Amino acid sequence: SFSGTTGLIVVAATGNNGDAGGSSGISSPACAENVTAVGATTKADAVASFSDSNSLLDLLAPGQTMTTASITGQYEAVSGTSFSTPIVSGAIALMIETSRALNSSNLTRSQIIDTLNSSGKQITDTR
């Protein structure tokens, strides 16, 4: 795949169909090889009811009732795995930059996912 051969880390939302390992699984492009698939959690650190999930899921991040600017210039509460994905992307970017600055080395996708999974809060999908 493109991301696997170029050193890029691609992060994508799993989708918002509420499928927890069922027939539809994770949406494209999150289901592609070497893509970091991100689902959503609630403010109570549970998997959000709308968040798609299966064995391809890599990480979870807050994604329910997120405050964002609206097209009207006001603020509104929104939900979705698309709001979880930039949180993970930002964390990954900080990890890569820190590794380069401190160690003059590049982290692999596997190292990043393993570090985030081992250091973050463990959340079990009980749906």
(message) When you check SER27 against the structure, is it within 12 Å of the chain's Cα centre (by Cα), open to solvent by less than 60 Å² (accessible area, probe 1.4 Å) and within 25 Å of THR108 (Cα to Cα), yes or no?
(response) no
(request) Run down ASP58, ASP19 and say which single residue is farther than 17 Å from ASN117 by Cα, surrounded by 16 or more Cβ atoms within 10 Å (Cβ to Cβ) and out of contact with any Leu (no Cβ under 7 Å at 6 or more places or on another chain). (result) ASP19
(message) Name the single residue that is surrounded by the fewest Cβ atoms within 10 Å (Cβ to Cβ) among those in segment 68-121 being touching a helix residue (DSSP H, G or I) at 6+ places or on another chain (Cβ under 8 Å) and of a type in the set (Gly, Ala, Ser).
(response) SER105
(request) Output the residues belonging to segment 30-54 that are of a type in the set (A, V, I, L, M), open to solvent by 10 Å² or more (accessible area, probe 1.4 Å) and touching a residue at least 40 places away in the same chain (Cβ under 8 Å). (result) ALA46, VAL47
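Listed here are the residues, each with its yes/no results for (1) among the basic types (Lys, Arg); (2) farther than 19 Å from GLY7 by Cβ; (3) at pLDDT 90 or above.
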| position | (1), (2), (3) |
| --- | --- |
| SER23 | no, yes, no |
| SER28 | no, yes, yes |
| CYS31 | no, yes, yes |
| ILE71 | no, yes, yes |
| LEU94 | no, no, yes |
| SER119 | no, yes, yes |
(message) Condition check: on the phi < 0 side of the Ramachandran plot, touching a residue at least 24 places away in the same chain (Cβ under 8 Å) and under 13 Å from the mean Cα position of the chain (by Cα). Does ASN106 satisfy that?
(response) no
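The values are calculated or read from the model by the stated rules, or taken from the named source; none is laboratory data. From a predicted model like this one, the values you see are computed outputs, not experimental measurements. All Cβ positions, glycine included, derive from the backbone under ideal geometry; neighbour counts span all protein chains shown. Accessible surface is based on the protein model in full, side chains and every heavy atom, while ligands, DNA and RNA are left aside. Shrake-Rupley method; radii C 1.70, N 1.55, O 1.52, S 1.80 Å.
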